[in-house]
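See below for the structure under consideration.
The values are calculated or read from the model by the stated rules, or taken from the named source; none is laboratory data. Quantities reported herein were computed from a predicted structural model and do not represent experimental measurements. Note that each Cβ is placed from the backbone with ideal geometry, even for glycine, and that neighbours are counted across all protein chains shown. For accessibility, only protein heavy atoms count, side chains too; no ligands or nucleic acids. Shrake-Rupley method; radii C 1.70, N 1.55, O 1.52, S 1.80 Å.
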Amino acid sequence: MTISVIGAGPAGSYSAYLLAKEGFNVNIFEEHNIVGKPIQCTGITTSFISNYINTNADFIVNKIDTVRVYSKNNSLEFKLKKKNIVMDRYGMDNYFLNKALDIGAELNVSHRFIGTRDGQITFKNNGKIISLNKEIVVGADGPNSQVAKSFGFIGKKDNLLGLQATIIGEFEEDVFQVFLGNKISPGFFAWIVPENRSRARVGLAVRNSQDKAYFENFIRNQGKVVDRQAGLIPVYNPKMQTEMDSVFLVGDAAGQVKATTGGGILYALMAAEELACALKNHKSYEKGWKKRLGKSLSTHLLLRNCLNRFTDKEYDQLLEMLKHEKVKKLIQDYDREFPIVLLIKLSLFQPGLLRYISKVI
Ligand SMILES: Cc1cc2nc3c(=O)[nH]c(=O)nc-3n(C[C@H](O)[C@H](O)[C@H](O)COP(=O)(O)OP(=O)(O)OC[C@H]3O[C@@H](n4cnc5c(N)ncnc54)[C@H](O)[C@@H]3O)c2cc1C
């Protein structure tokens, strides 16, 4: 069986690696001529990434042990038990790609998937149209998935627009800063992720492209902008279809992204594992990934919908409640990837927090 993986981001390349390892014949098709560029990502994850990479690899840019959150009139700092990892996305994407190539997958760059017809899949390659037999197709082609559109997958997902600049200035090397508030980034948050003392990735996300002024306001006075990036961040839709006959969606194409933070790298890697397991064992991929990740993704979505209703004053109050020492310790110790256990424990220590959240749901 030949598997055509569309897209060589982390979801595509890691799926290709795992599937080739299971003995499938795997072809990767990437629309760009270079894998990993353009970069449209901050590249920060929790330490959970150490399950997939060596955290001393050469594409690790920084390790951060402090998260500082600001609201309009309040702030709160957490020391993380396990450091967050900041990666160079070009390096990370090529790390997963090389794993796939080393085990026998083949790469076709400058191949843009454009559609399907009569049992074939069609690509544009430097102006030429190429059609190949469709056997198994993995749509790992990001938030605007052409695979999802062409095969008529049911369920629409909304996308936020992530805007980011690389800035040369003065930064705290160990501190990931998060800014909450309706005047800063309504419906999301703004971030400063340092690469080192003099260089940081600074960004936010907006719902509409007309709202880009929030970004310009935020980066003003942060330092010298040396690079700008923009990309879509899908909002998880639990009803979205991700499997149809022999076509599967994984990563951003399937909307497998944490709605609280927009982080999708780790969920893409975990979903790739579920895909390889399903194809190997002739089981349902959708059931498999939903069993493992569905509840966490839905909890992130619930929290996001709740946060989106907060006023600036409520953000101030929320940070105040989180200052309770036992609550702070819980947040420091628990991984933000999987929020359910944390929420349950938080409700035991600080019942007011859940009452407060349910008030605005
Ligand atoms: C501004 C911003 C900041 C972010 N920061 C973080 C972060 O700090 N941490 C985190 O975990 N997540 C972050 N994310 C989200 C993260 O980037 C994605 O969740 C992750 O890249 C998903 O991987 P993927 O492989 O599914 O998709 P992608 O990385 O988007 O890869 C898709 C690949 O498919 C290719 N492709 C697209 N269409 C076609 C086609 N028709 N034919 C062939 N190839 C195609 C693309 O060129 C690309 O190589 C951020 C996103 C944005 C926009």
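Brief remarks follow.
- Antiparallel DSSP beta bridges within the chain, percent to nearest 5: 70 percent
- Degrees separating the helix 10-21 axis from the principal Cα axis of the chain, which is the longest one: 50 degrees
- Of the cross-linked pairs LYS83/LYS329; LYS21/LYS157; LYS82/LYS224; LYS149/LYS239; LYS37/LYS258; LYS37/LYS124, those separated by over 21 Å at the C-alpha level are LYS21/LYS157; LYS82/LYS224; LYS37/LYS258.
- Taking only protein heavy atoms and a 1.4 Å probe, the accessible area of the chain is 49% carbon and sulfur.
- Proximal charge balance of THR55 [Cβ under 9 Å; K/R count +1, D/E count -1]: +2
- A full extension of the chain between GLN40 and VAL225 corresponds to an added length of 65.0 nm, given 0.36 nm per residue minus the alpha carbon distance.
- For THR66, the amide hydrogen comes within under 5 Å of the amide hydrogens of LEU80, PHE176, counting only partners 5 or more places away or on other chains and with H modelled in the peptide plane.
- In sequence order, calculated HN-Hα J values of region 212-217 (Karplus, 6.51, -1.76, 1.60; Hz; x Gly/Pro): 4, 4, 4, 5, 4, 4
- When only Cα pairs below 8 angstrom with a gap of at least 6 residues are kept, the chain shows a relative contact order of 19 percent.
- When each of the peptides 251-261, 187-197, 209-219 is scored by how many other beta carbons lie within 10 Å of its residues on average, the order from highest to lowest is 251-261, 187-197, 209-219.
- Sorting 53-59, 10-16, 43-49 by their mean Cβ neighbour count within 10 Å, with the most densely packed peptide first, gives 10-16, 43-49, 53-59.
- In this simple spin-label model, placing a label point 7 Å from the Cα along the Cα-to-Cβ direction at both VAL327 and ILE130 gives a separation of 5.6 nm.
- On full extension, the segment bounded by ASN281 and ASN308 gains 5.7 nm, given 0.36 nm per residue less the C-alpha separation.
- As a rough guide to protection, the peptides 312-320, 1-9 ranked by mean Cβ packing within 10 Å, highest first, stand as 1-9, 312-320.
- With all projection directions averaged, the alpha carbon convex hull of the chain covers 17.8 nm².
- Probe 1.4 Å, accessible area per residue of the chain, Å²: 46 Å²
- Take every Cα pair under 8 Å whose residues are at least 6 apart in sequence, average their separation, divide by the length of region 1-44, and the relative contact order is 44 percent.
- 3J(HN,Hα) along region 260-276, derived from phi through the Karplus expression 6.51 cos²θ - 1.76 cosθ + 1.60 where θ = phi - 60°, amounts to 6, 10, x, x, x, 5, 5, 5, 4, 5, 5, 5, 4, 4, 5, 5, 4 Hz, with x in place of Gly and Pro.
- When CYS306, CYS41, CYS277 are compared by accessible area at a 1.4 angstrom probe, the order from most to least is CYS277, CYS41, CYS306.
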